[in-house]
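**Q** So that we are looking at the same thing, I have put the structure below in structure tokens.
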Amino acid sequence: MSTKIRRIGILTGGGDCPGLNAVIRAVAKTAIHHYGLEVVGIMDGFGGMIKNKSMILQDHHVSGILHRGGTILGTTNRDNPFRYPVGQENEKTIWGDVSDHAIANLAKMGIDALVVVGGDGSLSIAYELFQKGVPVVGIPKTIDNDLSATDLTFGFDTALTTATEAIDKLHTTAESHHRVMLLEVMGRNAGWIALHSGTAGGGDVILIPEIPFTYEAICRKIAERRQRGKKFSIVVVAEGAKLPDGKLVYQEKVPDNPHHDKLGGVANVIGSTIQQQCQVETRVTILGHLQRGGTPTPFDRILGTRFGVKAVKLIMEQQFGSMACLCRNEILSVPLNEAVKEQKLVRPDSELVQAAKAVGISFGD
């Protein structure tokens, strides 16, 4: 049964990333000017659905935002309508399903179809909403680049650029002081940012979740460089890199909601250990949320624009339950359940890993 589309909604869920405003702009301008639709911006992710917070997006709202980082709609990664905090008991959170209430709010907003911009968590929620009858289309967003159904996610290129620039800057101070510099980058359980920035920035060691490492291998690489007169080394560490004993390092663990556990600090552990074992002076830089902020690169602005236009087209073609994706430089679509069924991780035998090894980069293996 076809749905008459007069008004569409858009929300940005999960962590922010560069390029979100490019997507919002593209969705709004395409819907308003090309199809004559109204557009509702839902505020603060799925929280806006639950709390009935929205605004009509007009042309002037999305004018001049293409180059801006962040999202004019706001976002959160904590308001899942299928698992929402509804109370406390014995100092423990009580979780409830408020999805029916959230869906009823969409109806109050007059929304005929919804665009969800997010990573695997937000798009999994979008798929659950689709299963409950909500006409949904997804757009893949994450700096981690870990969605398997698209060649690239917007936000990744900007985060990669930020990380590579940091490595470039660390090179000069590392060489001046003859130190080993460690840079920790984001990526959760995927090593894409570390692999690409480490290769682009001329890192000497890259540590990623997909390839186990040993301290002996790292020390061996540092010693080899010193024997060749290279008195400094750059080590790029993905936040999800596992220590040799298989453990992850967290900034914070959330006992009743492990999905919100925060990785971070593994480079401090590794840096301290190799300083002791390799007898070298180390310094650690944790890049953190700098990777999420700032002006999106031209690539991410263009990719976000292409995704936004495609999402509106999918809605008008009634292809609900699908996600816009990049495949061999074409913007196509895939079913949402295909998009979120597994994480895209770095293959240890991939061409880029082998190329990095060929030019002398160690992965600590």
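**Q** Name every residue in the stretch 52-88 that is free of Cβ contacts under 8 Å to residues at least 12 places away in the same chain and under 19 Å from L106 (Cβ atoms), in order of residue number.
**A** Of everything in the stretch 52-88, just one residue is free of Cβ contacts under 8 Å to residues at least 12 places away in the same chain and under 19 Å from L106 (Cβ atoms), namely K53.
**Q** What are the residue pairs meeting all of these: first residue in the stretch 104-118, first residue more than 22 Å from I139 (Cα to Cα), second residue polar (S, T, N, Q), Cβ atoms under 7 Å, and 6 or more apart or on different chains?
**A** Correct list of pairs: K108/N52.
**Q** Of all residues in the stretch 189-219 being free of Cβ contacts under 8 Å to residues at least 40 places away in the same chain and in contact with a Ser or Thr (Cβ under 8 Å, 6 or more places away or on another chain), which is nearest to G360 (Cα to Cα)?
**A** G201
**Q** Same structure again: So in the stretch 326-344, with the set limited to residues that are closer than 21 Å to R188 by Cα and out of contact with any Phe, Trp or Tyr (no Cβ under 7 Å at 6 or more places or on another chain), which one is modelled with the highest pLDDT?
**A** Among those residues, the one meeting the criterion is K344.
**Q** Enumerate the strands (runs of 3 or more DSSP E) found wholly within the stretch 111-226, keeping only those where 1 or more residues are within 13 Å of the chain's Cα centre (by Cα) and closer than 22 Å to N329 by Cα.
**A** Filter on the stretch 111-226 gives 113-118, 136-140.
**Q** Now a separate question. What number of residues within the stretch 136-165 satisfy the criterion of being surrounded by 21 or more Cβ atoms within 10 Å (Cβ to Cβ) and touching a strand residue (DSSP E or B) at 6+ places or on another chain (Cβ under 7 Å)?
**A** Total meeting the criteria: 14.
**Q** Right, something else. Specify which of the listed residues (V236, V269, V254) is in contact (Cβ under 8 Å) with a residue 60 or more places away in the chain and over 30 Å from I65 (Cα atoms).
**A** That would be V236, the only listed residue that is in contact (Cβ under 8 Å) with a residue 60 or more places away in the chain and over 30 Å from I65 (Cα atoms).
Listed here are the residues, each with its yes/no results for (1) under 22 Å from L314 (Cβ atoms); (2) β-branched (V, I, T); (3) at pLDDT below 95; (4) within 24 Å of the chain's Cα centre (by Cα).
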residue: K4; (1), (2), (3), (4): yes, no, yes, no
residue: T12; (1), (2), (3), (4): yes, yes, no, yes
residue: I24; (1), (2), (3), (4): yes, yes, no, yes
residue: A31; (1), (2), (3), (4): yes, no, no, no
residue: G70; (1), (2), (3), (4): no, no, yes, yes
residue: N77; (1), (2), (3), (4): no, no, yes, yes
residue: E91; (1), (2), (3), (4): no, no, yes, no
residue: D100; (1), (2), (3), (4): no, no, no, no
residue: M109; (1), (2), (3), (4): yes, no, no, no
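**Q** Do the conditions hold for S176, that is, is it surrounded by fewer than 24 Cβ atoms within 10 Å (Cβ to Cβ) and farther than 23 Å from F307 by Cα?
**A** Judged against the criteria, S176 is a match.
**Q** Can you tell me which residues in the stretch 80-110 are more than 19 Å from L336 (Cβ to Cβ) and part of a loop (DSSP other than H, G, I, E, B)?
**A** Of everything in the stretch 80-110, those that are more than 19 Å from L336 (Cβ to Cβ) and part of a loop (DSSP other than H, G, I, E, B) turn out to be N90, E91, D97, V98, M109, G110.
**Q** For the stretch 197-242, name all the residues that are surrounded by fewer than 19 Cβ atoms within 10 Å (Cβ to Cβ) and of a type in the set (F, W, Y).
**A** Y215
**Q** Show the residue pairs that are 6+ apart or on different chains and have beta-carbon atoms under 8 Å apart, the first residue being within the stretch 27-40 and closer than 19 Å to L106 by Cβ, the second being among the hydroxyl-bearing types (S, T, Y) and modelled with pLDDT of 95 or more.
**A** As it stands, the answer is V40/S54, since those pairs meet every condition given.
The values are calculated or read from the model by the stated rules, or taken from the named source; none is laboratory data. Keep in mind that this is a model prediction, so the values were computed, not measured. A quick note on method: Cβ atoms are made from the backbone with ideal geometry, for glycine too, and the neighbour counts reach across all protein chains shown.
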